[in-house]
There are 2 protein chains.
Amino acid sequence: MQSSLLKYRQAVMVLRTAGGLLRPARPMSSSAVAEPAGPSIRTDSVPGPRSKQLMEEANKKQLPHGIYFFADYSKSSGNYIVDVDGNTLLDMFMQISSLPFGYNHPALQKVAKSKEFLEMSINRPALGVCPPSDWVDRLNASLLSVAPKGLSRVQTMMCGSCANENAIKMLFMRYMAKQRAGRPVSQQELDSTMLNEPPGTPRLSILSFKRSFHGRTLGVLSCTRSKAIHKLDVPAFQWPAVDFPAYKYPLEQHQEHNAKQEKLSLAQVEETVNRQRATEPVAGLIVEPILAEGGDIHARPEYFRALRSLCSKLDVPLLVDEVQTGGGLCGTYWAHEQWGLDSPPDAVTFSKRTLLGGIYFSDNLVPDQQYRVYNTWLGEPSKVMLLEAVIRTIKEEKLMDSVLEAGTALTKGLEGLSQRYPQLINSPRGLGIMCAVDFADTNSRNEAVQRLRNKGIHTGGCGEVGLRFRPALIFKEKHAKLFLETFDSVLKSMAK
Amino acid sequence: MQSSLLKYRQAVMVLRTAGGLLRPARPMSSSAVAEPAGPSIRTDSVPGPRSKQLMEEANKKQLPHGIYFFADYSKSSGNYIVDVDGNTLLDMFMQISSLPFGYNHPALQKVAKSKEFLEMSINRPALGVCPPSDWVDRLNASLLSVAPKGLSRVQTMMCGSCANENAIKMLFMRYMAKQRAGRPVSQQELDSTMLNEPPGTPRLSILSFKRSFHGRTLGVLSCTRSKAIHKLDVPAFQWPAVDFPAYKYPLEQHQEHNAKQEKLSLAQVEETVNRQRATEPVAGLIVEPILAEGGDIHARPEYFRALRSLCSKLDVPLLVDEVQTGGGLCGTYWAHEQWGLDSPPDAVTFSKRTLLGGIYFSDNLVPDQQYRVYNTWLGEPSKVMLLEAVIRTIKEEKLMDSVLEAGTALTKGLEGLSQRYPQLINSPRGLGIMCAVDFADTNSRNEAVQRLRNKGIHTGGCGEVGLRFRPALIFKEKHAKLFLETFDSVLKSMAK
């Protein structure tokens, strides 16, 4: 795994040094926020009594959630979150991986204090109706400045589910436009769709992977196959799902097994697409670069290159869901940029660390009429303003370099610990700082999350047995070392 | 229609004077923003050349939308929007009815300048994981302070589609919990839902009304029946839809006809729910207080009271979609508060003028486990902070009173004009400032929207022939008069 990782990283370095999208615009400067020297825990365990009291109140007023603790955001800074009981934790989870720069970053403070940010916050436009004068400039300076190669259009949305829902709508529309081959929409189509019936409402499907997660609204939930608790009791479309390669890690040490698994998966894709033609044809395939909620399942670039080719051969558009992998934590702004594709995905969706949802897409996915992929807000300019500062700061401070350094330290450390505690943890893996390790079972994973939190390290689980790390882009090697020492002591105490 | 309207309004006045939720907290103060004296148009038509140029650029970078014009939000104020060509328009559309107070309102400026707003903007928490310390207080001071009677819980979401998607998920979960009657979830259910198959993925439906609009993601799009363009080419669940009463307006002048139509609609609901039991049982019914996108179809409170009773009898939870009717423009914060229900709806969804989406719901809709209705952000604290100021200002400045005054003036004026130009417009109707009038055909409606815009009045269409008005809550009688004069001249020019 290690040498495989290093190979990626070297390739990424080469790419970027050669003039990639994230080449530093200026020499590295330091706008990093002042941080505490390390975690400090004042209560017997986290959550402390004040958090517990607030949870009880919240659970009477909202849906009861599995809240970890209540936080004091005015006291939090950089990589450290402070809770309402005065505990300071190193945050390696970052609001389910949705905060790019941790807490109270100066670059974002500056934007949020500006007159323009205030105006966009209180006069929020409906972007499909009356966009602000600088909207196109803002897109150019933010999302379009890091557009995946080959995709020159972007549509902002509100969140990840919404991005994926609208992306698959575009896939369905593209499929039907091809079927019509220039024929105008018929009255029968218009009438029948009002009854949810064909031909206007076609029987089409989206192909996804088992263990994938693409959101929780009903369309994308039909693609999601991560956990039963995400899906139970909710009606779903009868869409197909195929096996993701059943990799063994480290990837490099199981080349033969892994290549065979990839072939099996690709054969399933082809067979399923062909079988579906008779019933509910596949209008598109959706895949995450790393199956995150499903347990941080990393794959080889070789697989994705083959998948891209296969999709082209089968005329099935490829939708890459970068909601969790995008935004720089993998060491490139988009994880799929490390696959070495000959031709780009047909669409790429994003959210979380990009601060708002959205879709990059190719020209051939533009619907033939306005108002077909639409909603009231269509995103939000104030989020795009913050994102602009994030992207500029990534470049100025060469944060992709430090992400790779910190990620290497973290993954190497996890490798070392898994050799020391093989009965407890296995399969250390990472791309940039998007790292994970598996526990022997769910209980011990949950136990580790709690023990880490009690020692001032905030992480989260994923899949059945995964412990995932989702630190901010300002997470450095020193933070990785601090975590690894604590994790060592936690594992030692658990091994007893 | 007029006397029916007045009756509502009187009843609403009585309700509020008697100590309703929106009783003014303090004597009326004036924080209204300075406004231009009236519209002014500098270009031959709206959009002007600068807007057109920006549209062209935007259409190359995004999905091509039907943008009306690009706006200069720093110059816009109160009820007036200024476009990039220097035109000033009286805005009676307010970003598809999503801005409660128009532009640059002092109460919102104050919030947006605060330290707390800045912190919540740049440290946006994942609310299911690490909410801010004051989260419950904020909910109490905002959404829960205007909670519909009988609904003491609220879950924030991102937008209206997301609110409705998650609300119907709660209805499905409630249905299955009832079916289980305390039996634990079986392994077969857990396994089958991973394949999108029963019993874990049940075959259930949501009943909606023809001409309704509930959003555009795939679950709620299956409920939406407004226009073919919203639905064409997108797979849908085979859920049932029944006729909304085919009212004649003014409602009061067609009592016999309207009562008969209501009975027909209710009979369809009952018959459909009973028929579905054998195939895809109805887990809930979703309805808008005014079918807005479908053409501003107003109904009588009598109908909704009968519908509530019928739903109780059939054991079908009632979900009231107040995305477009909520937030005060109907003269009460929620439109359904004017129905005089004996028992509350089971859930009420909102978005647009509440600045973020969400769901009020009864205790019996709380799922039996955490993490079943969930997503990364689950709403946004900074939006709730703005909403808190909106609700406080509504009370302090008695805006529900002025909404009723302005709405009466607007509806009365529309009634007068429809008597003067019966060949052009008909069916004037309104609840508060949520007003509309129908044109003889789509072309003349579109023509009127354009002519109004060229004269400095910004409105929007709805349904096939409706012209809808969605002004801000600071829209006063004087603005109504100004509009009516312009509309008169437009109709006069069209009548020639």
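Quick one: would you say residue B:107 is among the small types (Gly, Ala, Ser), over 17 Å from residue A:63 (Cα atoms), more than 7 Å from chain A (Cβ to nearest Cβ) and surrounded by fewer than 24 Cβ atoms within 10 Å (Cβ to Cβ)? In short, yes. Residues in the stretch B:286-310 that are out of contact with any Pro (no Cβ under 7 Å at 6 or more places or on another chain), in contact (Cβ under 8 Å) with a residue 40 or more places away in the chain and in a helix (DSSP H, G or I): B:301, B:302, B:306, B:307, B:310.
Working only within the stretch B:76-122, note down all residues that are in a loop (DSSP other than H, G, I, E, B) and among the aliphatic types (A, V, I, L, M).
B:84, B:92, B:99
Does the stretch A:162-169 contain any residue that is under 30 Å from residue B:91 (Cα atoms), at the interface with chain B (Cβ under 7 Å from one of its Cβ atoms) and hydrophobic (A, V, I, L, M, F, W, C)? Within the stretch A:162-169, one or more residues are under 30 Å from residue B:91 (Cα atoms), at the interface with chain B (Cβ under 7 Å from one of its Cβ atoms) and hydrophobic (A, V, I, L, M, F, W, C). Looking at the stretch A:357-381 only, could you name the residues that are open to solvent by less than 10 Å² (accessible area, probe 1.4 Å) and either under 20 Å from the mean Cα position of the chain (by Cα) or more than 7 Å from chain B (Cβ to nearest Cβ) (or both)? Listed by number, the residues that qualify are A:357, A:358, A:359, A:360, A:361, A:365, A:378, A:379, A:380, A:381. Within the stretch B:321-332, identify whether any single residue is part of a loop (DSSP other than H, G, I, E, B), within 13 Å of chain A (Cβ to nearest Cβ), in contact (Cβ under 8 Å) with a residue 24 or more places away in the chain and among the hydrophobic types (A, V, I, L, M, F, W, C), and answer yes or no. The answer is yes, given that some residue of the stretch B:321-332 is part of a loop (DSSP other than H, G, I, E, B), within 13 Å of chain A (Cβ to nearest Cβ), in contact (Cβ under 8 Å) with a residue 24 or more places away in the chain and among the hydrophobic types (A, V, I, L, M, F, W, C).
If you take the residues in the stretch B:228-262 that are at pLDDT 95 or above and among the charged types (D, E, K, R), which one is surrounded by the fewest Cβ atoms within 10 Å (Cβ to Cβ)? Applying the filter and picking the extreme gives B:256. The single condition from (1) more than 17 Å from residue A:365 (Cα to Cα); (2) open to solvent by less than 10 Å² (accessible area, probe 1.4 Å); (3) outside any helix (DSSP H, G or I) that residue A:185 fails is (2). Among the conditions (1) open to solvent by 20 Å² or more (accessible area, probe 1.4 Å); (2) of a type outside the set (Ser, Thr, Tyr); (3) under 22 Å from residue B:481 (Cα atoms), the only one that residue B:44 does not satisfy is (3).
A residue that is within 7 Å of chain B (Cβ to nearest Cβ), over 21 Å from the mean Cα position of the chain (by Cα) and assigned to a strand (DSSP E or B) occurs somewhere in the stretch A:123-145. The C-beta contact set for the stretch A:53-71 (first residue more than 7 Å from every other protein chain (Cβ to nearest Cβ), second residue open to solvent by 30 Å² or more (accessible area, probe 1.4 Å) and among the hydroxyl-bearing types (Ser, Thr, Tyr), distance under 9 angstrom, 6+ apart or interchain) comprises A:60/B:152.
Only one of these conditions is not met by residue B:154: (1) without any contact (Cβ under 8 Å) to a residue 40 or more places away in the chain; (2) within 7 Å of chain A (Cβ to nearest Cβ). Which number is it? Residue B:154 satisfies all of (1) without any contact (Cβ under 8 Å) to a residue 40 or more places away in the chain; (2) within 7 Å of chain A (Cβ to nearest Cβ) except (1). Of the residues making up the stretch A:188-211, those that are open to solvent by less than 10 Å² (accessible area, probe 1.4 Å) and either closer than 22 Å to residue B:463 by Cβ or facing another protein chain (nearest Cβ under 7 Å) (or both) are A:189, A:193, A:196, A:200, A:201, A:204. Could you check the stretch A:306-347 and list, in sequence order, the residues that are within 20 Å of the chain's Cα centre (by Cα) and charged (D, E, K, R)? Within the stretch A:306-347, A:308, A:321, A:322, A:337, A:346 meet the criteria.
Return the total of residues in the stretch A:441-463 being modelled with pLDDT of 95 or more, closer than 18 Å to residue A:293 by Cα and in a loop (DSSP other than H, G, I, E, B). Adding up the residues that qualify gives 2.
Quick check on my filter: what residues within the stretch B:427-440 are in a strand (DSSP E or B) and open to solvent by 10 Å² or more (accessible area, probe 1.4 Å)?
Scanning the stretch B:427-440 gives B:427, B:428, B:431, B:438.
Assigned to a loop (DSSP other than H, G, I, E, B), of a type in the set (S, T, N, Q) and crowded, with 24+ Cβ neighbours inside 10 Å: does that describe residue B:349? The answer is no for residue B:349. If you go through the stretch B:441-465 and pick out every residue that is in contact (Cβ under 8 Å) with a residue 24 or more places away in the chain, more than 12 Å from residue B:68 (Cβ to Cβ) and among the hydroxyl-bearing types (Ser, Thr, Tyr), you end up with 1. Scanning the stretch B:72-83 for residues that are at the interface with chain A (Cβ under 7 Å from one of its Cβ atoms) and farther than 18 Å from residue B:482 by Cβ turns up B:72, B:73, B:74.
Which is in contact with a Leu (Cβ under 6 Å, 6 or more places away or on another chain), more than 22 Å from residue B:375 (Cβ to Cβ) and modelled with pLDDT of 95 or more, of B:154, B:146?
Working: B:154 fails: more than 22 Å from residue B:375 (Cβ to Cβ).
One residue alone meets the criteria, B:146.
For the stretch A:159-182, a residue qualifies if it is part of a loop (DSSP other than H, G, I, E, B) and open to solvent by less than 30 Å² (accessible area, probe 1.4 Å), and exactly one does: A:159.
The single residue among A:142, A:133, A:161 that is among the hydroxyl-bearing types (Ser, Thr, Tyr), touching a residue at least 12 places away in the same chain (Cβ under 8 Å), in the same structural domain as residue A:375 (by TED's automatic domain parsing) and over 14 Å from residue A:383 (Cβ atoms) turns out to be A:161.
Considering A:209, A:213, A:244, A:237, the condition of being within 21 Å of the chain's Cα centre (by Cα) and free of Cβ contacts under 8 Å to residues at least 60 places away in the same chain is satisfied by A:244 alone. Need pairs with beta-carbon distance below 6 Å; first residue among the hydroxyl-bearing types (Ser, Thr, Tyr) and within the stretch A:469-496, second open to solvent by 40 Å² or more (accessible area, probe 1.4 Å); sequence gap 6+ or separate chains. These pairs meet every condition: A:486/A:455. Within the stretch B:353-366, can one find any residue that is more than 17 Å from residue B:155 (Cβ to Cβ), not assigned by TED's automatic domain parsing to the domain that holds residue B:102 and not in a strand (DSSP E or B)? Yes, that holds for at least one residue.
Just one residue in the set A:414, A:341, A:404, A:424 is surrounded by fewer than 23 Cβ atoms within 10 Å (Cβ to Cβ), under 27 Å from residue A:38 (Cα atoms), modelled with pLDDT of 95 or more and out of contact with any Asp or Glu (no Cβ under 8 Å at 6 or more places or on another chain); that residue is A:424. Confirm whether residue A:221 is in contact (Cβ under 8 Å) with a residue 12 or more places away in the chain, surrounded by fewer than 23 Cβ atoms within 10 Å (Cβ to Cβ) and in contact with a His (Cβ under 8 Å, 6 or more places away or on another chain). Considered against the rule, which asks whether it is in contact (Cβ under 8 Å) with a residue 12 or more places away in the chain, surrounded by fewer than 23 Cβ atoms within 10 Å (Cβ to Cβ) and in contact with a His (Cβ under 8 Å, 6 or more places away or on another chain), residue A:221 comes out as no.
The values are calculated or read from the model by the stated rules, or taken from the named source; none is laboratory data. As the structure is a prediction and not an experimental result, all values here were calculated from the model. Glycine gets a Cβ as well: all are built from the backbone with ideal geometry, and neighbour counts include every protein chain shown. Surface areas here come from the heavy atoms of the whole protein model, side chains and all, with no ligands, DNA or RNA. Shrake-Rupley method; radii C 1.70, N 1.55, O 1.52, S 1.80 Å.
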